[in-house]
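This report concerns only the one structure given below.
The values are calculated or read from the model by the stated rules, or taken from the named source; none is laboratory data. Predicted model, so just to flag it, every value in this text is computed and none were measured. Positions of Cβ are generated from backbone atoms using ideal geometry, with glycine treated the same way; all protein chains shown enter the neighbour counts. Please note that ligands, DNA and RNA were not included when accessible areas were found on the heavy atoms of the full protein model with its side chains. Shrake-Rupley method; radii C 1.70, N 1.55, O 1.52, S 1.80 Å.
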Amino acid sequence: MKTILWIATMLALATPTWAAGDQPCEPITVFAAASTTDALNAIAETYERDTACSVSLVFASSGTLAQQIAAGAPADLFLSASADWTNWLKDGGHIKRQNIIDLLGNDLVLITQASAKTGSTPSRATRDIILSLVGDDRIAIGDPNSVPAGKYASIALRALNLQSLLNDQTVQAASVRDALTWVARGETPAGIVYRTDAAIEPRVKILSQLDLPAGSQITYPLALIGRSPHPAAKAFFNYLQTYEAAALFADHGFRRLSAE
């Protein structure tokens with residue numbers, strides 16, 4: 001009997017903190033910011049292989065996803081590119097405060113086509129580079145009303161004293177990936193996107209990193225949706241906080257803010 005109890009104890013201790021235990025592995029649906037597409041696809045593939053649990057991923061702008069969740073869309077987890085939309089859902093009673101964790105960090109960068117001749121140098125001011133690139137044309141950003149990358153871009157442009165450009169010379173995309181595509185195709189001479197997005201598109205190059213004022217740093221909160229999330233959703237929530245997941249996020253350029 002002591003031997004049986006010892007084996008049971010050791011098996012319990014060996015169970016990963018993200019495992020769902022003996023509970024049935026219900027399908028998991030994750031609503032996530034478009035900028036996390038490549039990283040989460042890789043993580044979900046690994047998780048499904050290791051656990052045989054089904055993970056469905058839905059990608060769009062954080063604002064669009066938050067509004068769908070509020071309208072009753074069947075999401076189990078929400079990975080937003082902004083705390084604003086996560087807090088909006090929390091205030092609406094869709095998320096419990098204790099089920100939110102700041103998971104990832106990112107950087108905002110200025111991009112242009114890879115083939116463009118810009119004459120920029122490391123010492124050249126970002127403001128001058130933007131003005132030189134854009135001229136009388138437009139710069140691509142996400143829609144600040146629903147796309148966190150667009151909101152961060154608007155903050156960065158104001159910090160550079162480019163409010164007039166923000167008001168009159170931006171073309172605003174439904175997601176940060178759309179803004180990236182417009183620059184890659186040459187539809188706009190410049191754009192502001194996340195560093196992780198620029199890294200996956202060989203048709204663009206990074207000209208400069210845009211600094212954000214204190215208190216405006218880019219943060220991706222992860223949240224469990226609903227008052228009583230099911231065990232499989234909790235298990236994936238925990239898995240996304242592990243070092244195994246952290247390594248996969250890092251492979252795609254994200255900074256992990258926390259890991260188990």
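Structural remarks
- Strands (runs of 3 or more DSSP E) enclosed by the range 186-260 - at least 2 residues per element that are within 16 Å of SER80 (Cα to Cα): 190-194, 219-224
- Failed criterion for THR29 (all others in (1) touching a residue at least 40 places away in the same chain (Cβ under 8 Å); (2) open to solvent by 60 Å² or more (accessible area, probe 1.4 Å); (3) not aliphatic (A, V, I, L, M) hold): (2)
- Residues that are of a type in the set (Gly, Ala, Ser) and open to solvent by less than 10 Å² (accessible area, probe 1.4 Å) within the range 199-240 comprise ALA223, ALA232, ALA233, ALA235, listed in sequence order.
- Subset of the range 206-241 [at pLDDT 95 or above, within 18 Å of CYS25 (Cβ to Cβ) and among the hydroxyl-bearing types (Ser, Thr, Tyr)]: TYR239
- Close contacts from the range 45-56, counting a first residue that is touching a residue at least 24 places away in the same chain (Cβ under 8 Å) and a second that is assigned to a loop (DSSP other than H, G, I, E, B) and of a type outside the set (Phe, Trp, Tyr), with Cβ to Cβ under 6 Å and a gap of 6+ residues or different chains, come to CYS53/CYS25; SER54/PRO27.
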